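For reference, the structure discussed in these notes is given below.
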């Protein structure tokens, strides 16, 4: 099977990594950096299959025991470390991996203020000190590597400086600037970018059977990230009640700011970081449509938009800006309830509430 055959776009990343694999010159460590949903984990697993598969020299067969185990995230020599909390159970991680295996798009991310601990890095170091099960070396994938705690990042430095024979470490991140410079300097960074709208629409029609019109609508919500578009293509995208409930909550004149903040905080606990990120994207898309309607144009992402009495273009413009800021803060690991409440309450302050 050809390397990266299921990875859309990313021509530069594929060129760099394919060249390294085919010339048998893979570095000991890579950082795959780019927005969530752009194929970084898919690429990492392809690299692992190319390294471990015994059937193909410059790629992988895709059907041998080794390839099937890697695709099933159960190969003993290909391990994925993800951020967790002290209260995270192994069963929670197993369920998450099962969801990823089933749909191929679920992010390997536990809800909450997660991190990668020094104990997880020590465990990885212990694995790498032993002979691999299949004799082909180890591939260690560290997901959301910007969540390495400082002591954990320092613990991995020795491994990066003196990598064991046959070990390949792949760090996946959406925020490379959040990683220690000493870690970044000891790995080759490969950038993954957002896809063009036309390529996104092509992917959605191919993978989901969506019509051109529906694919175009989904693309508007996906920020050039195929994984996000594919997740939105399910039932959740069709349910607009939640985003319109938020709009009603913000503009409910009977609620004071403290009551609004309390309601939003309760919702943030229910949705978690990833749920709020999706909701923020929906809110900004809706406010953009509301501004279009106010200016006499048709909405882009829906057939009709809700009526909000007393709101003007300036109100929606500020709201759009605040929820985009909320997205940025969430990706910078700000508390979901703080970031979300600031956006919701801030949208009202300029309106004289």
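The values are calculated or read from the model by the stated rules, or taken from the named source; none is laboratory data. These numbers come from a predicted model, not from an experiment. When we count neighbours, we look across all protein chains shown, and the Cβ atoms used for this are built from the backbone with ideal geometry, even at glycine.
Looking across 26, 41, one residue alone is within 30 Å of residue 221 (Cα to Cα) and not in a strand (DSSP E or B). It is 41.
Residues that are closer than 22 Å to residue 146 by Cα, without any contact (Cβ under 8 Å) to a residue 60 or more places away in the chain and under 25 Å from the mean Cα position of the chain (by Cα) do not occur anywhere in the stretch 256-266. Looking only at the stretch 167-180, residues that are surrounded by 19 or more Cβ atoms within 10 Å (Cβ to Cβ) and under 20 Å from the mean Cα position of the chain (by Cα) come to 7 in all. Looking only at the stretch 52-81, residues that are in a helix (DSSP H, G or I) and more than 25 Å from the chain's Cα centre (by Cα) come to 3 in all. Scanning the stretch 114-166 for residues that are farther than 30 Å from residue 334 by Cβ and crowded, with 20+ Cβ neighbours inside 10 Å, we see that the one that is modelled with the highest pLDDT is 139. When the stretch 157-180 is filtered for residues that are part of a strand (DSSP E or B) and closer than 29 Å to residue 9 by Cβ, the ones remaining, listed by number, are 168, 169, 170, 171, 172, 173. Applying the condition of being out of contact with any strand residue (DSSP E or B) (no Cβ under 8 Å at 6 or more places or on another chain) and assigned to a loop (DSSP other than H, G, I, E, B) to the stretch 118-143 and asking which residue is nearest to residue 76 (Cα to Cα) yields 133. Looking across the stretch 204-216, just one residue is surrounded by 15 or more Cβ atoms within 10 Å (Cβ to Cβ) and either outside any helix (DSSP H, G or I) or touching a residue at least 60 places away in the same chain (Cβ under 8 Å) (or both), and that is 210.
Among residues that are outside any helix (DSSP H, G or I), under 29 Å from residue 112 (Cβ atoms) and within 22 Å of the chain's Cα centre (by Cα), residue 224 is included. All of 190, 183, 219 fail the test of being touching a residue at least 24 places away in the same chain (Cβ under 8 Å), in a helix (DSSP H, G or I) and buried (at least 16 other Cβ atoms within 10 Å of the Cβ), apart from 183. Determine whether residue 291 is assigned to a helix (DSSP H, G or I) and buried (at least 19 other Cβ atoms within 10 Å of the Cβ). Judged against the criteria, residue 291 is a match. Taken over the stretch 305-330, residues that are more than 31 Å from the chain's Cα centre (by Cα), part of a helix (DSSP H, G or I) and buried (at least 18 other Cβ atoms within 10 Å of the Cβ) amount to 0.
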